[in-house]
Each structure stands twice: as structure tokens, then as C-alpha cells.
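In what follows, a single structure is set out as C-alpha cells and then discussed.
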Amino acid sequence: MMSELVRLGVDVILPVGPEASLRAAKNATTTVPIVVVAIDYDPIARGYVRGLARPGGNTTGLFLRQPELTAKRIELLKEVNPKLRRVVVFWDSFSGDQLKEADAAARAAGLQLQRFEFRDPPYSFDAPMRAAAQQQAGGLLGLASPIFFRQRAQLAEVAIKNRLPAIVPFREAAEDGVLMAYGASLPDMMRRAAEYIDRIFKGAQPADLPMEQPTKFELVINLKTAKAIGLTVPQSILLRADQVIQ
């Protein structure tokens, strides 16, 4: 599909989301400008660009290092449930590189981490969620994955049914019923990508446009979900939230 876009003469390619989209774009062209929005991987560490300040080649854009936010998400889970001892983490092939940080953050917080790996989408959350509840997990950590994002409403529904407080990277999931979300704003990242594209249309070269990372992160709490699972969210957390869904 990327090769077809190049043959059609597009002026810019915008790969959003998983690494496969950027890999395909890089394989298709070395000349058409690429503005990437990398949600769950680091294009510098993976060798797609040379560095932050001068990416080089035909690629620039934005990326979000999800592992760096994992410790904060676990901290928030522990704040809403001070008796938390065991956390279940859902992961898949897109989010495997986030597991190491999740393990380290859980150990640092004195928590046990119980892993459930998902394969072959669409995923079924019912059995793993029941198992987590039966094993007395006190919270769910959802890692960044395009499949989890796509199935966020199902994830929320099953977490509520099993009365399990959950935190995920994207506010859209909290809007769909997950208890909490902490991470960067995807719409903000897309708006910034549009500004990059505008600069390229006005003559800028991707190699000269520094890669950017979000600097603002938002906390969204769904109080309807808290009520449904019988959880009282501390006022100290509510006061820090960027949005509280009533």
C-alpha cells in the first residue's frame, strides 16, 4: 500500500501508530517526506532516524516513549487502591518492550506483577479478567497497543464486570469506561504533526526538523466507573486530574 502511495505521487506520508506503518513507509521511499506519529515505539532506538535534533534522511515527526510512563501509572493505581498488592498487566506483540519497565516499576512499588499475553486479535478479555479477579489482583495495567486501543470499550466493560480498577495510556479508553488514563493526548500529537506537514509544504526539509516528544501528559478519571466498581477515588487524585468524567 505504501509503494502504491509513492507511485501515485503523494507529497507527504503520515504513518501513525505501530512500527509496521513506519517500516512500510521507509521501505517504500527514501525521498518522499515522512512525518511519523509513533505511539508505542521509539524510532530513534529502532534506527529509523539518527537522533532528536537532526533526524536526517526523509523522516521526522513525534514519538512517545511509553515505558517511561509505566511507573507513574502503577503509582496512580496504588493511590486509588492503597491495599494494592498484585497488579495484572495485559500485553501483546506491540507492547512487549514495555514489560521490562512494568516489572521494574511493580518491584519498586512492592507489588507482584501478573502477566497475561494476548495473541491473534480480536482479543477476548473475559477469561484473563476472571482469572485476575480470582487470583485477587487489585488493579489492571493496560500497555500501549493499537489492538487494546481499538478494543478499549470491551476492555472497560469486562474490567467493570469484574470490579477491577484499570489504568491505560489513552484518554479515549477512560471516556469509554476504563477507570483511569494517563498519557499524552493523541489529538495534540496529530495537530503537531499537521504543523510539521505545513512546514514541509512551505519548503522545510524533514532532515532539519527535530523529532519531538510530548511534554504534557493528562490524567483522566471516570467517576461513573469508580461508582460501578465500588471504589472511592481519593480527593487528592481528583484534584490533579485534567478531566473527571461524572
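The values are calculated or read from the model by the stated rules, or taken from the named source; none is laboratory data. Worth saying up front: this structure is predicted, and the values here are computed from it rather than measured. Positions of Cβ are generated from backbone atoms using ideal geometry, with glycine treated the same way; all protein chains shown enter the neighbour counts. Protein only, heavy atoms only, side chains kept; ligands, DNA and RNA dropped before computing areas. Shrake-Rupley method; radii C 1.70, N 1.55, O 1.52, S 1.80 Å.
Has the stretch 121-140 got any residue that is of a type in the set (D, E, K, R) and crowded, with 21+ Cβ neighbours inside 10 Å? No, the stretch 121-140 contains no residue that is of a type in the set (D, E, K, R) and crowded, with 21+ Cβ neighbours inside 10 Å.
Would you mind finding the one in ALA102, ALA106, ALA71 that is surrounded by 14 or more Cβ atoms within 10 Å (Cβ to Cβ), touching a Leu at 6+ places or on another chain (Cβ under 8 Å), more than 20 Å from ARG150 (Cβ to Cβ) and free of Cβ contacts under 8 Å to residues at least 40 places away in the same chain? So that I can check it myself, show each step before the final result.
Details: ALA102 fails: free of Cβ contacts under 8 Å to residues at least 40 places away in the same chain; ALA71 fails: touching a Leu at 6+ places or on another chain (Cβ under 8 Å).
Only one candidate passes the filter, namely ALA106.
The number of residues in the stretch 142-163 being touching a helix residue (DSSP H, G or I) at 6+ places or on another chain (Cβ under 6 Å), closer than 18 Å to THR70 by Cβ and among the aliphatic types (A, V, I, L, M) comes to 1.
Within the stretch 9-51, being in contact (Cβ under 8 Å) with a residue 24 or more places away in the chain, in a loop (DSSP other than H, G, I, E, B), of a type in the set (Val, Ile, Thr) and farther than 19 Å from ASP208 by Cα holds for one residue alone: ILE39. Pairing each residue of the stretch 114-140 that is acidic (Asp, Glu) with any residue that is open to solvent by 40 Å² or more (accessible area, probe 1.4 Å), provided the two are 6+ apart or on different chains, yields C-beta distances under 6 Å for GLU117/TRP91.
Report yes if SER145 is buried (at least 20 other Cβ atoms within 10 Å of the Cβ) and out of contact with any Leu (no Cβ under 9 Å at 6 or more places or on another chain), otherwise no. Yes, satisfied.
The combined condition, being open to solvent by less than 10 Å² (accessible area, probe 1.4 Å), out of contact with any His (no Cβ under 8 Å at 6 or more places or on another chain) and outside any strand (DSSP E or B), is fulfilled by LEU84.
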